[in-house]
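Accompanying notes for the structure given below.
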Amino acid sequence: MSAGDVGAVVAGLLMLLGALFFLVTALGMLRSRDAISRVNNLSPATGAGLPLVIIGAAVHDLSAGDLTVLDGVKAALAVGAALVVSSVASNMLGRAAYRSQTELDPRTVGNALEPFEELEGHEHED
């Protein structure tokens, strides 16, 4: 087995594992009954699945001899951007879902900081 074959197998496994994260996320979203749970279920796909697929594609290109330095930088930037954007987007979606005051599924744990929400928007007086 040549180094190119090993690289292709590793790349395939990385991409398959990333796709598995997407599948598990999709199944979890089908089972979720409220918006906050659905936003929470996005984490495996955006936090692990997408980076694994991008890294798998880069490893595949590397094993085929087609990966340039620029392509490696693009892959690294894509992984970093995906992690930053997904965390910010998840935070904003969760916040919007919570503020919409839609009824939560009884299995969803409530907000432990709810008593302190009335302080939001008020300046601290010394």
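The values are calculated or read from the model by the stated rules, or taken from the named source; none is laboratory data. Owing to the predicted nature of the structure, the values given are computational and were not obtained by experimental measurement. Backbone-built Cβ (ideal geometry, glycine too); neighbour counts: all protein chains shown.
Annotation note: of L77, L113, the sole residue that is modelled with pLDDT under 85 and not acidic (D, E) is L113. For A19, the conditions (1) over 14 Å from the mean Cα position of the chain (by Cα); (2) in a helix (DSSP H, G or I) are fulfilled apart from (1). When G94, G4, G47 are checked against the criterion of being touching a Leu at 6+ places or on another chain (Cβ under 9 Å), small (G, A, S) and not in a loop (DSSP other than H, G, I, E, B), a single residue qualifies: G47. Consider the stretch 63-81 and keep the residues that are in contact (Cβ under 8 Å) with a residue 24 or more places away in the chain and touching a helix residue (DSSP H, G or I) at 6+ places or on another chain (Cβ under 6 Å). The one that is nearest to A11 (Cα to Cα) is S63. Can you tell me which residues in the stretch 1-44 are of a type in the set (V, I, T), touching a residue at least 24 places away in the same chain (Cβ under 8 Å) and surrounded by fewer than 17 Cβ atoms within 10 Å (Cβ to Cβ)? If the condition is that a residue be of a type in the set (V, I, T), touching a residue at least 24 places away in the same chain (Cβ under 8 Å) and surrounded by fewer than 17 Cβ atoms within 10 Å (Cβ to Cβ), then V6, V10 are the ones that fit.
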